[in-house]
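Here's the structure, in structure tokens; my notes come after.
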């Protein structure tokens, strides 16, 4: 074991505190609105902290560190697109302002309001598949990280995953979004300390000169300049940045774990303010872990599994007695993400898939009490699936690109359908079906053939948005044309 008795005590106390804080708020959850969006009462500061905690998990550190380990300092440019997206949406209110005014709990609800319930069911189904496949690699990657840090044998990988997820599941089932928000306060404090300490102590342990020398000698100019050999034919060039900016705008509108925070805001003004300021916080979310990956490369060199770079780096530099605090901070990040993602994707399944089927057969929505029950059962089912997926799915290529592409299964369709659905009067259900279907094809190609498609990731990324847009326009105009012909015949 790599942990001392003091480290063990710190971790156990943290887990007890989180579990107690998460379950004690159960008495405040009276209906489905409380459970999913905390009664729409979240203010600015809490919203900012909660959103930050949601989108910083242990896996966030791992995939960003992998980018730094594999690509050098040039990978730091990956941290910029989220800042642009957050500022743009927060400043202009593009799409998010009308969505906030609708008082919805999930993005597919908009599809039933603008198009029809069939489109809501269809996008909910694809969202559930993409989101759960995205979430499905978290436990396996993070359990391996935990085992490396703590020294727990790999034979106990499954047990590690189940224990970690069960703790999160219990307090999230109890209090829903209220539990998630309350536990975010504690997690944010530990998270902030951990990120600052790892960065400062890492530079001290490795040394700046050694870092620059390692990048220059191993990666050459490509490790220092993201636009080498030029802006159009580089790994992080113009095509990549265009894709990432569109991706992040779409994620901030349609990624359920993020949009649920937006919909929990007490009013439209607060929601936009949370987005404006989140951009600055998300800059550190990207830059610091990527930088850790570069530090890991400078200290450890080549020849190790890129996903193991961060835990091995931490084991090497963190002094005895402090590892427990740092590990608790990393665990805090992970548990916050698990809670949010379990709630988010189970809500899509329960509200937009099961709820749509229930309404189709009965003609009315299930009661609030039944919706709560369905949501909690769905959450447990999602947990069981992601444990299974983590054990049997083999990752290929960058973890970062896998996560992007699973989200891309539905993200282009959501961005195009919501934006044109709000701002283009001619948008209709045929266009929505075409946009959702066509937008999912490029990422599907990447997921099926990752090795063959890895050099074309950026083109497949922005291409998904382009053909989704074409699908929406063509499908909508075609339906409008048919309707015009029918009306002309009637006359």
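The values are calculated or read from the model by the stated rules, or taken from the named source; none is laboratory data. The structure presented is a predicted model; accordingly, all values stated were derived computationally and were not measured. No Cβ is skipped: glycine too gets one built from the backbone with ideal geometry, and neighbour counts run over all protein chains shown.
Within the span defined as region 112-121, one or more residues are closer than 17 Å to residue 410 by Cα, in a loop (DSSP other than H, G, I, E, B) and touching a helix residue (DSSP H, G or I) at 6+ places or on another chain (Cβ under 9 Å). Can you name the residue in region 311-350 that is over 20 Å from the mean Cα position of the chain (by Cα) and closer than 22 Å to residue 165 by Cβ and is also modelled with the highest pLDDT among such residues? Result: 311.
Is there a residue in region 287-305 that is modelled with pLDDT under 90, out of contact with any strand residue (DSSP E or B) (no Cβ under 6 Å at 6 or more places or on another chain), closer than 22 Å to residue 77 by Cβ and not in a loop (DSSP other than H, G, I, E, B)? Checked region 287-305: no residue is modelled with pLDDT under 90, out of contact with any strand residue (DSSP E or B) (no Cβ under 6 Å at 6 or more places or on another chain), closer than 22 Å to residue 77 by Cβ and not in a loop (DSSP other than H, G, I, E, B). The condition (being assigned by TED's automatic domain parsing to the domain that holds residue 273 and surrounded by fewer than 24 Cβ atoms within 10 Å (Cβ to Cβ)) is satisfied by just one residue among 89, 100, 51: 100. With respect to residue 359, determine if the residue is surrounded by fewer than 23 Cβ atoms within 10 Å (Cβ to Cβ) and either under 22 Å from the mean Cα position of the chain (by Cα) or closer than 30 Å to residue 307 by Cα (or both). Criteria not met by residue 359. Being in the same structural domain as residue 322 (by TED's automatic domain parsing), within 24 Å of residue 286 (Cα to Cα), surrounded by 15 or more Cβ atoms within 10 Å (Cβ to Cβ) and at pLDDT 85 or above holds for only one residue in 201, 122, and it is 201.
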